[in-house]
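Let me begin by presenting the structure, written as structure tokens, before commenting on it.
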Amino acid sequence: MDILRGLWPMTIANVKSFRRNREAMFWTLAFPVIFVALFGAIFSGGSTRFEVAWVDHDGTPAAAQLRAGFGQVRMLELRDAAEDEALALMRQGDVDAVIVVPAGVGEAMTPGVAPRAPAALVLYTDPSRSTATQTLNQVVEQVVGAVNQRLSGVPPALAVETRSLQTQSISAAAYFVPSILAMALMQLGLFASIPLVAQREKLILKRLAATPLTRLTLVTSNVLMRLLVAAVQTVLIVGVGALMFGVTIVGNLLVIIGLIALGAVTFLAIGYLIASWARNEEAATGITSAVQFPVMFLSGIFFPIAFMPEWLQPVAAFLPLTYLADALRQTMVGGAAYVALPIDVAVLAVWLAVATAITARFFRWQ
Amino acid sequence: MPSPSSGAVIAVRELRKSYGALRAVDDVSFTVERGEIFGLLGPNGAGKTTTIEILEGLRKPDGGQAEVLGIDVVRNPAALKERIGVQLQSAALYPELTVRELISLFGSFYARSLPAERLIGELGLGERAGAASKQLSGGQRQRLSIALALVNDPELIFLDEPTTGLDPQGRRSLWEHIDRLRGEGRTVLLTTHYMEEAEQLCDRVAIMDHGRILELGTVTELVGRHFRDRTVRFESRAELSDTALATLRGVSRVAHEDTETVILTRDVPRTIGGLLELADGLGLEGLDVAVRRPSLEDVFLELTGRALRD
């Protein structure tokens, strides 16, 4: 009655069964990757022009000259704004970055006057849009470098300070990567119901019951196998996002891994719940499809929930995928919050607890 | 419960199990001795599988007692499972895993296990060791499931309908493997609805129907208990009327099975002598006469009024 006895061989056996099942491989690994590639390509129509809001706190001719200098960079489109307005515009996604010229720049740039410290231009960019951020940093640095050089003979008068600002409008690819990872984790869990029901139907579970292998060991081996696949899914999806669309992960890796594990286990519990309910393999397949498609479209995977018709929004508020996708977008790419992260975690935990409790009560082994 | 005789590996007393109104197992008692092949015989739905699954620790009885290898099957199923080998009726295996992988996997569930290669060799699965279980033929699959039943080197093996679904050749081949288990000193409890299988393999059989054991003993005992008669059979001829046949010496009954006439007799030589004389007198030629001892099949028919296979 040792829980560990047989656990590792059973986990390996599960992994082998999974790997040799082409259908499972396609739906859990290839399908989400295709999704990321396809949607990323369709929606990130690579514009190389950046709209930048220009905030001038200095107001001296030198600052105006600086603006003219930036205006010559063809990649940038400047737009004057007050600082509050500029930041609001960026949050809404109307501009890609904000440059703030602090008071005192004119004085610092005056020839012959040695500044005590370089006057700092402030550049706001969105780090989840790594390519845009990099390009803007470079452009600004180049312009500033050129100005500094023209003022040669004096110590550097200008430097650039970059600041992060999370925006509503992370790039399309940055939106899709965590969303589709969440969708893939859902599929991984829900589709677990089908082999489980098949194993019951074909009396594999009964045959195992005639050995000393405990049910806890069997369930644990299934969870371990699915977590392993979840890790592979994550690497694939994030990898495709990074290589094809330059999506970088900005959050705390441990938090992200924890959320992925929580999501995988929650949907696995829901998969087991389906298996408790389904009488045979066909029913399990039917229920799984019937559940996954609406959930996929109603959980803000493809577009933010705010874009959904109002009468549908309460449905989204009920679905676990909404919260997993939201949590992953917040932590992985700094996406805008649907609800605060602790609420995402709490909702998923409740789903996990309820699904586990119902399954424990109603699951039939034979 | 009475202490079973020293050789008993299974002792069952007054076992009962109902599903709703259906009494699947109804007051069943028997013992199985060490080293014998014991057959539970009966048609589908007789209660054989329910009985065997209670003894395997897979089902809880409603009443009665069952001790297997000295272990109470209700109180300590975990200890029991460590020591028995089990083949379930029509249970499949992980379809994607190979023969070798499955044997190693099942071996890992037990405190001690036999090497996979040895079992593969013993059950003649060498050529298919790398094949996925879904690619095996029916006979190979049954041999694999016996290999899995042997993986913990058990003293006692349960085989539930081991040859169902096999062709006659596959059945005979499997019989040899089962027979060898007895040679290795193991005890086997098997269920079957093939009379021939029980006659070939079993030291003792219990005939079950409607959840009850109707008869128990060696095949010879059972047949002797019910029939002193032998049967004489031949292709029916219109010229040989039942009334004429009934007057032959020793004949107790005349019956028909398909195209054959069956004569039950206590005195085979006299009956045959009379039959041949009768045929000669009528000018019949090429009468193909066979004499047969009644079989378990006949015993079952006698006991239940139905044939076994359906």
### Query
Looking at (1) touching a Gly at 6+ places or on another chain (Cβ under 7 Å); (2) at pLDDT 80 or above, which is the only condition A:Asp96 fails?
(1)
### Query
Is it the case that region B:10-17 has a residue that's assigned to a loop (DSSP other than H, G, I, E, B) and either touching a Lys or Arg at 6+ places or on another chain (Cβ under 9 Å) or at pLDDT 95 or above (or both)?
no
### Message
Looking for something touching a strand residue (DSSP E or B) at 6+ places or on another chain (Cβ under 8 Å) and either within 17 Å of B:Ala91 (Cα to Cα) or outside the structural domain of B:Leu80 (by TED's automatic domain parsing) (or both) - is there at least one such residue anywhere in region B:166-176?
### Response
no
### Query
Going by the structure shown, is B:Val68 in contact with a helix residue (DSSP H, G or I) (Cβ under 6 Å, 6 or more places away or on another chain), within 14 Å of chain A (Cβ to nearest Cβ) and either hydroxyl-bearing (Ser, Thr, Tyr) or over 18 Å from A:Arg5 (Cβ atoms) (or both)?
yes
### Task
Quick one: in region B:212-260, of everything that is of a type in the set (Lys, Arg), modelled with pLDDT of 85 or more and assigned to a strand (DSSP E or B), which residue is nearest to B:Val25 (Cα to Cα)?
B:Arg212
### Message
Looking only at region B:166-182, how many residues end up being in a loop (DSSP other than H, G, I, E, B) and within 21 Å of B:Lys48 (Cβ to Cβ)?
### Response
1
#### Entry: Extreme residue, farthest from the other protein chains (Cβ to nearest Cβ), among residues of region B:73-88 that are in a loop (DSSP other than H, G, I, E, B) and crowded, with 18+ Cβ neighbours inside 10 Å
B:Val73
### Message
Suppose we filter B:Arg172, B:Arg180 for residues that are surrounded by fewer than 21 Cβ atoms within 10 Å (Cβ to Cβ), under 17 Å from the mean Cα position of the chain (by Cα) and closer than 15 Å to B:Ile37 by Cβ; which single one remains?
### Response
B:Arg180
#### Entry: Qualifying helices (runs of 4 or more DSSP H) (wholly inside region A:262-342; at least 2 residues being under 24 Å from A:Phe191 (Cα atoms) and polar (S, T, N, Q))
A:281-298
### Query
Considering region B:124-144 alone, what residues qualify as being in contact with a Leu (Cβ under 7 Å, 6 or more places away or on another chain) and either of a type in the set (Gly, Ala, Ser) or closer than 18 Å to B:Gln87 by Cα (or both)?
B:Leu125, B:Ala132, B:Ser133, B:Leu136, B:Gly138, B:Gly139, B:Gln140, B:Gln142, B:Arg143, B:Leu144
## Note on the structure
The correct count of residues that are without any contact (Cβ under 8 Å) to a residue 24 or more places away in the chain and either of a type in the set (Lys, Arg) or closer than 12 Å to A:Thr131 by Cβ (or both) in region A:228-248 is 1
### Query
Are any of the residues in region A:320-327 farther than 30 Å from A:Thr125 by Cβ and over 17 Å from the mean Cα position of the chain (by Cα)?
no
### In region A:193-213, the residues that are within 9 Å of another protein chain (Cβ to nearest Cβ) and of a type in the set (Ser, Thr, Tyr)
A:Thr211
### Message
Give me the helices (runs of 4 or more DSSP H) completely within region A:14-85, filtered to those with at least 2 residues that are within 14 Å of chain B (Cβ to nearest Cβ) and without any contact (Cβ under 8 Å) to a residue 60 or more places away in the chain, ordered by residue number.
### Response
A:22-25
### Task
Please specify each residue of region B:6-35 satisfying the condition of being surrounded by fewer than 17 Cβ atoms within 10 Å (Cβ to Cβ) and acidic (Asp, Glu).
B:Glu14, B:Asp27, B:Glu33
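The values are calculated or read from the model by the stated rules, or taken from the named source; none is laboratory data. Because the structure is a prediction, the values reported are computed rather than measured. Cβ: placed from backbone, ideal geometry, glycine included. Neighbour counts: every protein chain shown.
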